[in-house]
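*Asks:* Have a look at this one.
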Amino acid sequence: MAPILTLDSIVAGYGAGDILKGVDLQIGAGTVTCLIGPNGAGKSTVLKTISGLLRPRQGSIRFHEQELKGLSSKARLRLGIVHVPQDRSLFPAMSVWDNLLTGGYTIRDQKLLRERVDRAVEAFPICAKRAREHAGSLSGGEQKQVELARTLVLDPALILLDEPSIGLDPKSRQQVFASIRQLAATGRTVLLVEQNARSGLAAADYGAVLESGVVRLVATGADLLDNPEVGRLYLGAAAR
Ligand SMILES: Nc1ncnc2c1ncn2[C@@H]1O[C@H](COP(=O)(O)OP(=O)(O)O)[C@@H](O)[C@H]1O
Ligand SMILES: [Mg+2]
């Protein structure tokens, strides 16, 4: 099956010097892939080149068969590529419901908007239960649920998640990973970056290791979890 996303020899950086030094990666449609690697390896940078926040210096990124080079972030969003950044991105003083609706601000068709919102609420019932509360009054895990619901209003094909579990308590973390599985079960493709590599790989179909600006290893999440070298370098010595 043709991949939904192909990165070919991506070179990218911010100033002098390259952070990504020829990144190759293929993502299959409907799969969850977890990108791991040391702090500062360039994991977030990979996501930025895909969503269009950063222009690669060399290489190609294809979504289905379409070259993304030259397309703005907005154009990529229209293709169904949604980037959820690491930092909390809800408007804290706005209600949960209004935050959810901001996901659909480009949708003119009211019927379509309602369908999308209904679907998002079905997947993330907290949006209805806590609809009137200020988003900022929710816990970190609850806010992440609303953020994911908001991306669903955009009907994304490819969801880029940067450290979705960061700063969350264990229970909320589990919930986020369960939600990610659920997104994939409804046909979305997910590429996530995780510091909690063990949980991220456990939730993923595939894992990729980014190191020194290149993808060193791609395997199933389960195989990476079993790989002693990966365990030693990225998962913490002791199995939990
Ligand atoms: N906006 C930026 N301007 C300059 N340097 C940056 C910027 N963002 C990230 N970097 C640098 O690029 C490198 C990779 O960063 P990043 O992709 O955030 O790594 P990771 O997500 O793997 O921790 C780091 O050395 C970081 O300091
Ligand atoms: Mg990062």
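*Asks:* Under a 5 Å amide H to amide H cut-off, with H placed in plane at 1.01 Å, what residues pair with His83 once short-range neighbours are removed?
*Replies:* Leu160
*Asks:* Check Gly28: other-chain or 5+ apart residues with amide H under 5 Å from its amide H, H built from backbone geometry?
*Replies:* Close amide H contacts, sequence-distant or interchain: Ile4.
*Asks:* Considering only DSSP beta bridges whose two residues both sit in the chain, what percent are antiparallel, to the nearest 5?
*Replies:* Roughly 55 percent of the beta bridges in the chain run antiparallel, per DSSP.
*Asks:* Accessible area of Lys74, 1.4 Å probe, to the nearest 10 Å²?
*Replies:* Around 130 Å² of this residue is reachable by solvent.
*Asks:* Accessible area per residue of segment 82-155 at 1.4 Å probe, in Å²?
*Replies:* 53 Å²
*Asks:* By how many nm would the segment from Arg119 to Tyr105 grow when fully extended, if each residue of separation counts as 0.36 nm and the alpha-carbon distance is taken off? Kindly include the intermediate steps, with their values, before the conclusion.
*Replies:* Working: separation 14, 0.36 × 14 = 5.04 nm, distance 1.62 nm.
Full-extension gain reported as 3.4 nm.
*Asks:* Label point 7 Å out from Glu67 along Cα-to-Cβ: which residues of segment 1-44 have amide N under 16 Å?
*Replies:* Residues 6-11 fall inside that zone.
*Asks:* So how exposed is Tyr105, as accessible area in Å² (1.4 Å probe, rounded to 10)?
*Replies:* Approximately 150 Å² for this residue.
*Asks:* Got a sec? Charge dipole of the chain, +1 on Cβ for Lys and Arg, -1 for Asp and Glu; which of Ser165, Ser137, Ile50 is way out at the positive end?
*Replies:* Checked the options; the winner is Ser137.
*Asks:* Now a separate question. Pairing the Cα long axis of helix 110-123 with the longest principal axis of the chain, what angle in degrees results, from 0 to 90 and rounded to the nearest 10?
*Replies:* Between helix and principal axis, roughly 70 degrees.
*Asks:* Heads up, I need the accessible area for Asp226: 1.4 angstrom probe, whole protein in place, Å², nearest 10.
*Replies:* 120 Å²
*Asks:* Taking Cα atoms, how many degrees apart are the long axis of helix 170-185 and the longest axis of the chain, rounded to 10 and kept between 0 and 90?
*Replies:* Approximately 90 degrees, to the nearest ten.
*Asks:* Enumerate the amide H contacts of Leu192 below 5 Å, restricted to partners 5 or more residues apart or on another chain; note that Pro and chain-start residues carry no placed amide H.
*Replies:* Counting only residues 5 or more places away or on other chains, the set is Thr33, Cys34, Leu35, Leu161.
*Asks:* Taking the Cα centroid of segment 83-156 and of segment 51-71, what is the distance between the two, rounded to the nearest whole Å?
*Replies:* 28 Å
*Asks:* Could you tally up the Lys pairs in the chain with alpha carbons closer than 28 Å? Skip any pair fewer than 8 positions apart unless they're on separate chains.
*Replies:* The result is 18.
*Asks:* Okay, next question. Return a whole-number percent for the relative contact order of the chain, with Cα pairs under 8 Å and 6 or more residues apart as the contact set.
*Replies:* 26 percent
The values are calculated or read from the model by the stated rules, or taken from the named source; none is laboratory data. What you see is a predicted model, and the numbers here were worked out from it, not measured in a lab. Don't worry about glycine lacking a Cβ; one is built from the backbone with ideal geometry, like all the others, and counts go over all protein chains shown. When the accessible area is computed, the model is the full protein with side chains, heavy atoms only, and any ligands, DNA or RNA have been set aside. Shrake-Rupley method; radii C 1.70, N 1.55, O 1.52, S 1.80 Å.
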